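> Dropping the structure in here first, questions after.
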Amino acid sequence: MNQPIYEDEVQLSYGQQRLWTLDRLEGPSATYNMPLAMRLTGQVNASALARALVALIARHEALRTAIVEDNDGTPVGYLLPIPSVQAILPSADWQALDPQTRQAQTTLAIEQEAGKPFDLARDLSLRAKLIYLQANEALFLLTLHHQAGDGVSMGILTQELSLAYSAYCQNQEPAWAPLAVQYSDWAAWQQTALAQDLEAKINRAKVRLADAPESLTLPLDHPRHAQRARRAAYLPLSLDATLMAQLEALAQQCQTTLFTVMLAAYGATLGRLAGQHDVVIGSPVAGRNRMETEGIVGFLVNTLALPLNLSEATGSELIARARTSVEAALVDQDLPFERLVEDLGIARSLAQTPLFQAMFAFQTEAQGTAQLGDLGCQVQGVTLPRAKFDLTLFLTPTASGVYTGGFEYDADLFDQASVATWARALEQTLKGLVATPHSLVSTLALVDPVE
């Protein structure tokens with residue numbers, strides 16, 4: 001295999017260094033892929049789409065940053081050359097296939113693309129594929145590696161891709177505003193800014209996490225061992241608009257946010273299922289608290305470790321504890337999670353993630369619809385083959401007030417029946433908090449009366 005040609009050296013962030021370390025420990029995997037599948041209706045201008053992709057990669061240096069191991073074993077960032085229009089968008093034509101075969105091939109292509117690892121030292125961190133399905137229908141697959149982006153970045157990419165595609169369809173250049181900084185500039189700032197009061201941040205974190213348990217001991221259906229495949233499985237969850245409105249009202253009564261109430265309920269459910277008074281839950285924070293970072297693509301999201309003590313707490317008291325935990329973590333939200341783990345001296349283990357094994361990803365606004373010029377665009381759900389954590393709860397609001405999402409879980413640890421029971425327990429806990437916020441959390445029902 002030919003050695004890649006590298007251009008300028010760039011600063012890596014703490015997050016990029018952590019993902020490189022995980023890649024070295026676990027081997028190449030699709031764990032940190034961010035896949036998007038869009039079914040397009042209309043005549044796709046493949047040339048304009050390819051030009052738009054190249055323009056995005058040229059605009060955002062993070063997308064062509066390779067992470068290379070230096071002679072002393074440390075990761076170093078280098079820019080790969082901007083790709084050619086001819087190479088950026090491989091395509092396939094399945095119009096001659098019968099409908100059943102075409103559908104099976106489409107499902108398989110989405111799974112394969114989502115599950116294909118990136119070589120961090122050689123590959124661009126954005127790849128695409130276009131598959132023609134019928135005369136006016138195509139499947140567009142776009143995959144971003146997490147070392148070069150996050151959820152906000154994916155939104156920026158899809159918006160700018162649509163803008164550039166529309167421009168190139170008219171043989172014009174995209175009229176986007178120049179970027180104030182590149183991601184590597186932010187990474188350099190992160191190193192400098194963090195050094196100023198790092199010790200104080202670490203000391204505050206040690207106090208916050210002083211009673212953190214070594215692990216979340218949810219009842220296992222299968223033994224935990226380091227060599228397991230961590231197969232991801234998914235259980236959908238929907239919380240109705242009436243319940244969510246009641247929880248919002250409870251949050252206002254407690255002078256806090258809906259996120260905090262949901263965190264309290266999730267923590268109470270996990271703690272009771274695990275038989276623990278103390279739990280730690282991870283939650284992402286955007287990490288874009290500087291104006292210059294609003295439009296850049298990069299791995300800016302950080303992970304907060306949120307401890308919660310359930311001992312002798314009523315519902316309203318637990319919500320107050322959750323609020324205190326969230327507020328304390330947000331004070332130091334720019335402390336990189338990887339640096340926190342390092343300074344806390346937590347032993348690394350391939351059997352479980354450090355500090356917490358349960359995650360909570362909560363969106364406060366409904367997601368916008370994806371667009372690509374004037375083409376009809378329908379986003380298809382894509383799942384990853386490997387679970388990042390033992391258990392992750394995702395929730396996103398819809399225009400009707402219903403919150404939809406579900407659980408991603410490690411199917412090598414838990415069976416679906418167990419996770420389904422936990423989902424019902426969470427819903428019962430939420431209802432219990434609304435109905436009797438002054439009752440002890442330990443007395444709230446985890447099952448409905450019929451069950």
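> Residues being under 27 Å from the mean Cα position of the chain (by Cα) and open to solvent by 50 Å² or more (accessible area, probe 1.4 Å): count how many of those fall in the stretch 82-96.
Qualifying residue count, the stretch 82-96: 2.
> Within the stretch 305-315, is there a residue that is assigned to a helix (DSSP H, G or I) and at pLDDT 95 or above?
Taking the stretch 305-315 first, the residues assigned to a helix (DSSP H, G or I) are 315.
Those left that are additionally at pLDDT 95 or above: 315.
Looking through the stretch 305-315, at least one residue is assigned to a helix (DSSP H, G or I) and at pLDDT 95 or above.
> Can you work out which of the residues in the stretch 385-413 that are aliphatic (A, V, I, L, M) and open to solvent by 10 Å² or more (accessible area, probe 1.4 Å) is modelled with the lowest pLDDT?
Keep residues of the stretch 385-413 that are aliphatic (A, V, I, L, M), which gives 387, 391, 393, 395, 399, 402, 411, 413.
Then keep just the ones that are open to solvent by 10 Å² or more (accessible area, probe 1.4 Å); that gives 399, 402, 411.
On the way: ALA399: 89, VAL402: 95, ALA411: 97.
Checking each candidate, the answer is ALA399.
> Further question on the same structure: Please find, within the stretch 274-299, the residue that is farthest from the chain's Cα centre (by Cα) out of those that are part of a helix (DSSP H, G or I) and of a type outside the set (A, V, I, L, M). Don't jump to the end; show me each part of the working.
Just the residues of the stretch 274-299 that are part of a helix (DSSP H, G or I), to begin with: 274, 291-293.
Subsequent filtering for residues that are of a type outside the set (A, V, I, L, M) retains 292-293.
Numbers: GLU292: 22, THR293: 18 Å.
For the stretch 274-299, the residue satisfying everything is GLU292.
> Output the residue which, of all residues in the stretch 398-422 that are assigned to a strand (DSSP E or B) and charged (D, E, K, R), is nearest to LEU216 (Cα to Cα). Talk me through it step by step, then tell me what you get.
Filtering the stretch 398-422 for residues assigned to a strand (DSSP E or B) gives 403-410.
The next check asks that each one be charged (D, E, K, R); those that pass are 408, 410.
Values: GLU408: 16, ASP410: 14 Å.
It comes out as ASP410.
> Ok, one more. Is there a residue in the stretch 187-207 that is of a type in the set (Asp, Glu), under 30 Å from LEU440 (Cα atoms) and either part of a helix (DSSP H, G or I) or touching a Phe, Trp or Tyr at 6+ places or on another chain (Cβ under 9 Å) (or both)? Don't jump to the end; show me each part of the working.
Initial filter on the stretch 187-207 (of a type in the set (Asp, Glu)): 197, 199.
Of the ones still in play, those that are also under 30 Å from LEU440 (Cα atoms) are none.
Scanning the stretch 187-207, I find no residue that is of a type in the set (Asp, Glu), under 30 Å from LEU440 (Cα atoms) and either part of a helix (DSSP H, G or I) or touching a Phe, Trp or Tyr at 6+ places or on another chain (Cβ under 9 Å) (or both), so the answer is no.
> Mind listing just one residue for me: the one in the stretch 1-41 that is hydrophobic (A, V, I, L, M, F, W, C) and within 29 Å of THR106 (Cβ to Cβ) and, of those, modelled with the lowest pLDDT?
Of all residues in the stretch 1-41, those hydrophobic (A, V, I, L, M, F, W, C) come to 1, 5, 10, 12, 19-20, 22, 25, 30, 34, 36-38, 40.
Within this subset, residues satisfying the condition of being within 29 Å of THR106 (Cβ to Cβ) are 30, 34, 36-38, 40.
Values: ALA30: 91, MET34: 95, LEU36: 94, ALA37: 95, MET38: 95, LEU40: 96.
By that ranking, first place goes to ALA30.
> Would you call ASP211 open to solvent by 70 Å² or more (accessible area, probe 1.4 Å) and more than 24 Å from the chain's Cα centre (by Cα)? Spell out how you get there, then give the answer.
Details: open to solvent by 70 Å² or more (accessible area, probe 1.4 Å): yes; more than 24 Å from the chain's Cα centre (by Cα): yes.
Here the answer is yes, as ASP211 does meet what is asked.
> Failed condition for ASN203, given (1) polar (S, T, N, Q); (2) touching a residue at least 24 places away in the same chain (Cβ under 8 Å); (3) closer than 27 Å to VAL280 by Cβ; (4) open to solvent by 20 Å² or more (accessible area, probe 1.4 Å), with all others met?
Condition (2) is where ASN203 drops out.
The values are calculated or read from the model by the stated rules, or taken from the named source; none is laboratory data. Keep in mind it's a predicted model, so treat the numbers as computed, not measured. Heads up, the Cβs are rebuilt from the backbone with ideal geometry, glycines too, and the neighbour counts pull from every protein chain shown. Just so you know, the surface numbers come from the protein's heavy atoms only, side chains and all, with ligands and any DNA or RNA stripped out. Shrake-Rupley method; radii C 1.70, N 1.55, O 1.52, S 1.80 Å.
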